[in-house]
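Note sheet for the following structure.
The values are calculated or read from the model by the stated rules, or taken from the named source; none is laboratory data. Please read all numbers here as calculations on a predicted model, not as lab measurements. Quick reminder, even Gly has a Cβ in these numbers, built from the backbone with ideal geometry, and neighbours come from all protein chains shown.
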Amino acid sequence: MRGLFLGILYGIGIRSFLKVIVGVKYLNREALKKEKQFVIVSNHNSHIDTLAIMGALPFGQVQNVHPIAAGDYFGSSKIKAGITQLFTNAILIRRSKNTDAPNPIELMSAAVTRGESLILFPEGSRGTPGKMQEFKKGIGILLQMHPELFFIPIYMRGMGKVLPKGERLLVPFDTYVHFGNPRKCKATEVETIVKEIEEAILQLN
Amino acid sequence: MNIFTSKIYLDNIEVIAIIGIIIGVLVFASTLFYVWGLLKPTADLKELKTRTNSWWAMAALIIITTLVHPALSFIAFGLLSFVALRELASISKNVRDEDRRVIIWCYLAIPIQYFIAYKGWFNIFVIFIPVFMFVWIPFMLVIRGTTAEIGRAMSVLPTQLMLTVFSLSHLAYLLSLPNLEGFHAGGRGLLLFVVFLTEINDVFQFIWGKILGKNKILPKISPNKTWEGFIGGILSTTILAYFLRFLTPFTGIEALIIGFCIANAGFVGDIIISAVKRDIGIKDTGLLIPGHGGILDRIDSLSLSAPTFFYIVYNLYYAG
């Protein structure tokens with residue numbers, strides 16, 4: 001039921017809205033169909049980013065893919081958390097160590113072990129459009145724990161213009177979501193893995 | 001969605017004839033380029049192929065919407081204007097970050113302009129964008145309060161509206177023109193006439209340029225365009241206009257003059273958009289991701305030929 005609901009919501013509703021009204025163009029979307037399980041890593045400029053990736057997923061995959069979202073932002077109220085859970089399947093994580101919420105890496109690792117896929121924005125927060133911030137280490141630790149896991153790099157351009165941080169009004173502009181082909185990490189150290197992913201994303205620019 | 005209204009148009013033998021011709025030409029073009037590509041794999045046919053494909057889309061759009069319900073044509077043309085304006089606003093470097101909220105006003109002008117066209121309110125139609133929006137947009141920019149480079153935004157945004165919305169809405173307005181006695185094809189015939197001639201003019205220019213092209217006409221803006229292509233295209237289009245005049249109320253002489261005007265306006269529209277793109281550096285640096293053909297390339301010639309054609313016809317046959 002839920003799979004059908006999310007599949008229709010994203011595969012038809014959100015996708016047509018993004019393509020017709022917002023002006024999102026997908027490049028090499030076939031990359032998503034090549035593997036069953038993967039972790040998507042992307043640059044991050046806007047709330048639209050997650051929608052744009054979810055809207056690109058193959059119909060049956062939507063339920064299986066969990067965006068990793070900041071608990072302090074999207075879980076700040078019960079209503080916000082409820083909406084996020086209902087419409088996105090998101091896994092909410094903590095961003096600071098001072099809370100007693102579960103360890104983010106363990107949450108992600110458990111999802112991967114269950115055979116599920118993730119969407120990760122290693123920049124941590126939406127930065128200035130056109131500039132990439134330094135990546136957080138989480139993705140490196142996760143891929144070190146699961147070296148068999150495929151990652152799909154994505155570079156998005158223009159999302160920060162459509163709905164920048166702190167703005168509520170969505171303005172249509174042509175935007176591009178460029179998918180890289182799924183691949184496994186060659187590096188084994190946390191830092192080098194992070195670097196490899198960063199380069200893979202920048203290559204799509 | 002009254003399918004039976006289509007009967008009215010199917011009675012129009014002229015419209016059926018031109019639909020047949022368009023589909024025939026497109027089938028011929030697609031087959032030609034396919035075979036040409038097979039015989040000569042080195043030939044660069046990408047431009048021709050993408051153009052043909054977009055004509056298929058445009059032909060399908062015009063034919064289907066006019067056959068199903070007239071109002072659909074207005075929605076379809078409005079959507080075309082929207083996508084074109086969005087593309088132009090996205091690539092323009094003169095649109096500042098602060099202007100994003102003002103661009104919403106530009107987008108909102110689209111449904112209003114097409115609604116006016118649908119209703120056939122001619123006096124409002126001709127002033128809404130060139131007068132009202134030309135005041136409204138600067139006003140909205142001013143109350144946002146950022147004055148740095150505001151003059152650019154004030155001129156660029158209304159000009160983008162003119163190129164993508166005002167111009168194309170004339171195609172839709174053709175469908176709102178009243179019936180003339182003794183002229184059966186009506187607005188539909190006029191619409192097909194101007195769209196078909198504008199697009200075929202592009203092809204004629206391209207083909208003549210390939211065959212005879214030597215002297216560049218505007219090397220800094222469009223390096224592929226030549227005097228030979230330009231003149232050959234205009235002559236061919238003018239002659240073709242004479243034979244397509246059964247779609248219009250024109251006499252032979254009028255058809256020749258109007259065909260000549262459409263061909264010239266199409267060329268001018270084409271190079272205006274080329275110059276805008278060159279200014280942004282799209283053709284040189286590949287700013288946009290390769291393989292993406294924008295909608296602007298498809299409607300550039302129409303954006304000038306449509307209003308040119310419209311006002312000639314209007315003043316000759318519908319005014320007063």
Looking across the stretch B:139-158 at residues that are modelled with pLDDT of 90 or more and either closer than 12 Å to B:Cys106 by Cβ or outside the structural domain of B:Ala109 (by TED's automatic domain parsing) (or both), the single one that is surrounded by the most Cβ atoms within 10 Å (Cβ to Cβ) is B:Leu157
Of the residues in the stretch B:23-52, those that are closer than 27 Å to B:Arg245 by Cβ and either aromatic (Phe, Trp, Tyr) or modelled with pLDDT under 80 (or both) number 3
Pairing a residue in the stretch A:1-25 that is farther than 17 Å from B:Leu85 by Cα with any residue that is hydroxyl-bearing (Ser, Thr, Tyr) and assigned to a helix (DSSP H, G or I), where Cβ atoms lie under 9 Å and the two sit 6 or more apart in sequence or on different chains, gives A:Leu6/A:Thr88
Within the stretch B:67-80, residues in a helix (DSSP H, G or I) and either within 12 Å of another protein chain (Cβ to nearest Cβ) or not aromatic (Phe, Trp, Tyr) (or both) come out as B:Leu67, B:Val68, B:Pro70, B:Ala71, B:Leu72, B:Ser73, B:Ile75, B:Ala76, B:Gly78, B:Leu79, B:Leu80
Flagged in the stretch A:162-196 as part of a loop (DSSP other than H, G, I, E, B), within 14 Å of chain B (Cβ to nearest Cβ) and under 27 Å from A:Lys33 (Cβ atoms), in numbering order, are A:Asp174, A:Gly180
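Yes/no per residue for (1) in contact with a Ser or Thr (Cβ under 8 Å, 6 or more places away or on another chain); (2) among the polar types (S, T, N, Q); (3) within 29 Å of B:Ser92 (Cα to Cα):
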| position | (1), (2), (3) |
| --- | --- |
| B:Ile143 | no, no, yes |
| B:Glu149 | no, no, yes |
| B:Met154 | no, no, yes |
| B:Ser176 | no, yes, no |
| B:Asn179 | no, yes, no |
| B:His184 | no, no, no |
| B:Leu190 | yes, no, no |
| B:Phe204 | yes, no, no |
Within the stretch A:120-137, identify whether any single residue is among the hydroxyl-bearing types (Ser, Thr, Tyr), under 12 Å from the mean Cα position of the chain (by Cα) and under 30 Å from A:Glu167 (Cβ atoms), and answer yes or no. yes
When restricted to A:Asn98, A:Asn103, the only residue at pLDDT below 80 and more than 17 Å from the chain's Cα centre (by Cα) is A:Asn98
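Could you identify the single residue in B:Ser54, B:Ser90 that is buried (at least 16 other Cβ atoms within 10 Å of the Cβ) and within 14 Å of another protein chain (Cβ to nearest Cβ)?
Within the list B:Ser54, B:Ser90, the selection yields B:Ser90.
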Of the residues in the stretch A:115-161 that are modelled with pLDDT of 90 or more and within 14 Å of chain B (Cβ to nearest Cβ), the one that is surrounded by the most Cβ atoms within 10 Å (Cβ to Cβ) is A:Ile154
Checked the stretch B:291-304 for anything in a loop (DSSP other than H, G, I, E, B) and either at pLDDT 50 or above or more than 10 Å from chain A (Cβ to nearest Cβ) (or both); matches are B:Gly293, B:Gly294, B:Ile295, B:Asp300, B:Ser301
When the stretch B:161-218 is checked residue by residue, the ones that are among the β-branched types (Val, Ile, Thr) and either assigned to a helix (DSSP H, G or I) or surrounded by 22 or more Cβ atoms within 10 Å (Cβ to Cβ) (or both) are B:Thr164, B:Val165, B:Val194, B:Val195, B:Thr198, B:Ile200, B:Val203, B:Ile207, B:Ile211
**Report entry** A:Ser46 small (Gly, Ala, Ser), touching a Leu at 6+ places or on another chain (Cβ under 6 Å) and either over 28 Å from A:Ala110 (Cβ atoms) or touching a residue at least 60 places away in the same chain (Cβ under 8 Å) (or both)
**Finding:** yes
Scanning the stretch B:238-256 residue by residue, those assigned to a helix (DSSP H, G or I), among the β-branched types (Val, Ile, Thr) and touching a residue at least 24 places away in the same chain (Cβ under 8 Å) turn out to be B:Thr238
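Quick one: how many residues across the stretch B:24-45 are surrounded by 14 or more Cβ atoms within 10 Å (Cβ to Cβ) and not aliphatic (A, V, I, L, M)?
Selection size over the stretch B:24-45: 4.
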Looking across the stretch A:1-56 at residues that are within 14 Å of another protein chain (Cβ to nearest Cβ) and part of a loop (DSSP other than H, G, I, E, B), the single one that is farthest from the chain's Cα centre (by Cα) is A:Gly23
Checking B:Val83, B:Val95, B:Val102 in turn, the sole residue that is surrounded by 15 or more Cβ atoms within 10 Å (Cβ to Cβ), assigned to a loop (DSSP other than H, G, I, E, B) and not assigned by TED's automatic domain parsing to the domain that holds B:Ile299 turns out to be B:Val95
